[in-house]
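Reviewing the structure listed below.
The values are calculated or read from the model by the stated rules, or taken from the named source; none is laboratory data. From a predicted model like this one, the values you see are computed outputs, not experimental measurements. Every residue, glycine among them, receives a Cβ derived from its backbone with ideal geometry; neighbour counts consider all protein chains shown. Ligands, DNA and RNA are stripped out before the accessible areas are found, and what is left, the full protein with its side chains, is counted by its heavy atoms. Shrake-Rupley method; radii C 1.70, N 1.55, O 1.52, S 1.80 Å.
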Amino acid sequence: MVSHDRQLMKNISIVCPYETTIPLQVTAYRALMPRYGAVIVAAALKRAGYNVKVYCELSGGRVVWHRVYASDIVCFSFLSFSANKAYEYSERIRRHSKATIIMGGSHASVLPEECLRYCDYVVRNEGEDTIVELLSVLSEGGSVTKVAGISYVNNDGKIVHNPTRTFIAKPDLIADPELVEGYGPKNKFFYLKDMFRNGVPRFNMALAQGSRGCPFNCEFCFVKNEMGDEYRVRDPELVIREVEQSVRKLKTKYVFFADNDFTLDRKRTLLILSNLEKLYRGDLDLFFFARIFIARDKELMEAIERAGRACIAVGIESLEKDTLDAYRKRQTYEDIEECLGLFRKYQVKTHALFMCGADTDSPGDIDKAVELISRHKVFNFGLCCLYDFPSKEKVLGFRQAVPDHRFIHKDWRFYSGNFVVQYPKRI
């Protein structure tokens, strides 16, 4: 067990790595924006009295290594396509520092046993409460056996997965962009250099979150495990304050809502949109996720129009009944046609999302999807390849959308949804 004196555990670095060895991430991140989970964990640590700084390469920042080496605790937050870089950085820290290393984020939550080769503890799922309790126990030299939501190697060399922590009923922290090193307005030279390095132009985007969780339980989605199936809302005032502080710091009009469904609580959504309209008079570029059925809600759609220039990402996933049923999507082809037509009545952009590679899919289904988005003049579309994580079911008991024997490889750089990593039955 690792134990420290409280006084020696005050300085914490949170690192969010960005894979640059080959140009895989350009399709995953086209905005200079930190991971919301890392920033909100930093806010929790700051409230608990720690000195914390986030080094997020996704937001255009750089890791200040001498500060990281001097930290008492180094935390990593990353998605799967950055896992190799996180492991590389962890080994680098081991060579230069005696800091305790903790890993969290989506990849660590589903593959904790692999991550434990490179760290002392894994924080699974939501991290705010877990990390604060874990550090408190370590500071006092106590036992971590009762800290819910962590994985670790015990004194006998056995991997232990403590019980999953209950999700936070009402998240009340504000993600403070000031905690992210280098997250702010950039000069033209930076954007030009960044464009050549990453292959696409990127821009600053403010970050906020109005809710967590999703009750719809789609077969392919990881949210039901990592964020729960209960829709938990945040105080609208906190959401507005998050928008205001990020827009002000970044001097941007682009705002991304890190919600799985921003509009599910209709009354609360209307209140947030109304407040944004009053503050910015429609001069914001909003991006959020929602179900296609909001197109039928005239009052809500008109409120979105007034609040700003909205781009709404909607999960269509498939046009085939068998696939929609297999995904448990709760919508039909007729719903999709109707709602895409209704969206065109409003001054909004539609970002249509498809998931291909189900056992019921065939190559012709992709052609139908392209025809649909062309006919409805959809602003943009995302064609995601079905994937999951090997061993998730065996280790954590979470049902996998793809069984272990169907994976082609475990090169995590390709686990972004932009590449085929499993053998589909019919494609």
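State whether the range 160-304 is rounded, prolate or oblate according to the following rule on the C-alpha gyration tensor (a ≥ b ≥ c being the square roots of its eigenvalues): a/c under 1.5 gives rounded; otherwise a/b larger than b/c gives prolate, and the remaining case gives oblate.
Note, shape of the range 160-304 comes out oblate.
Got the relative contact order for the range 352-409 handy, in percent, Cα pairs under 8 Å and 6 or more residues apart?
Reported relative contact order: 35 percent.
Roughly speaking, what is the stretch gain from E230 to V160, that is 0.36 nm per residue apart minus the C-alpha to C-alpha distance, in nm to one decimal?
22.5 nm
Just by accessible area at a 1.4 angstrom probe, what is the order of T166, T332 from largest to smallest?
T166, T332
Which shape class applies to the range 83-136: rounded if a/c is under 1.5, otherwise prolate when a/b exceeds b/c and oblate if not, where a ≥ b ≥ c are the square roots of the Cα gyration tensor eigenvalues?
In terms of gyration-tensor shape, oblate.
Please work out whether the range 116-204 counts as rounded, prolate or oblate from its C-alpha gyration tensor, where a ≥ b ≥ c are the square roots of the eigenvalues and a/c under 1.5 means rounded, while otherwise a/b larger than b/c means prolate and anything else oblate? Intermediate results must be reported in sequence, preceding the final value.
Working: a/c = 3.00, a/b = 2.08, b/c = 1.44.
Here the range 116-204 falls in the prolate category.
What part of the accessible area of the chain, given as a whole %, is carbon or sulfur when the probe is 1.4 angstrom? Mind showing how you got there, number by number?
Details: 9870 of 18840 Å².
Ligands and nucleic acids excluded, carbon and sulfur reach 52 percent.
How far apart, in nm, are the 7 Å Cα→Cβ label points at V64 and I168?
My value for the distance between the label points is 2.5 nm.
Helix-only mean residue ellipticity at 222 nm, the chain, DSSP H runs n ≥ 4 weighted -39,500 (n - 2.57), per residue, nearest 500. What is it?
Mean residue ellipticity, 222 nm, calculated: -9500 deg cm²/dmol.
Let me have the relative contact order for the chain, percent, based on Cα pairs under 8 Å that are six or more residues apart.
Answer for the chain is 13 percent.
Taking all protein chains together and a probe of 1.4 Å, list S151, S391 from the most accessible to the least accessible.
The ordering from most to least exposed comes out as S391, S151.
Sticking with the crude label model, points 7 Å out along Cα→Cβ, report the distance from N198 to T332 in nm, one decimal please.
About 4.2 nm separates the two model spin labels.
Excluding ligands, DNA and RNA, what is the solvent-accessible area per residue of the chain at a probe of 1.4 Å, expressed in Å²?
Spelled out: the 1.4 Å probe surface of the chain, per residue, equals 44 Å².
Report, in listed order, any pair from K85/K425; K186/K253; K345/K377; K298/K349 with a Cα-Cα distance greater than 23 Å.
Working: K85/K425 32 Å; K186/K253 14 Å; K345/K377 12 Å; K298/K349 16 Å.
As for pairs spanning more than 23 Å Cα to Cα, those are K85/K425.
Spin-label point model (7 Å from Cα, Cβ direction): what's the Y191 to T21 distance in nm?
3.2
Using 10 Å bins from zero, what percent of all Cα-Cα pairs in the range 269-427 falls into each bin?
Spelled out bin by bin, the range 269-427 gives 10, 34, 29, 20, 8, 0 percent.
Given the Cα-Cα distance of K146 and F419 and 0.36 nm per residue of separation, how much length would full extension add, in nm?
That pair, K146 and F419, stretches by 94.4 nm at full extension.
Below 10 angstrom from the Cβ of P215, what's the summed charge of the other residues (Lys, Arg +1; Asp, Glu -1)? The partial results should precede the final answer.
Working: positive: K224; negative: D229, E230, D261.
My count for the surroundings of P215 gives -2.
Looking only at Cβ-Cβ distances, which cysteines of the chain have no other cysteine closer than 4.7 Å?
By the Cβ distance rule, which asks for a partner under 4.7 Å, the isolated cysteines are C75, C115, C119, C214, C311, C339, C356, C384, C385.
Report the Stokes-Einstein translational diffusion coefficient (µm² s⁻¹, integer) for the range 202-265, Rh taken as the Kirkwood radius over Cα pairs, at 25 °C with viscosity 0.890 mPa s.
After rounding, the answer is 193 µm²/s.
Would you mind pulling out the separation of the Cα centroids of the range 164-231 and the range 116-135, in Å?
19
How big, in percent, is the set of alpha carbon pairs in the range 309-386 lying more than 22 Å apart?
18
Treating the angle as unsigned and between 0 and 90°, give the value, to the nearest 10°, between the Cα long axis of helix 236-250 and the longest Cα principal axis of the chain.
80
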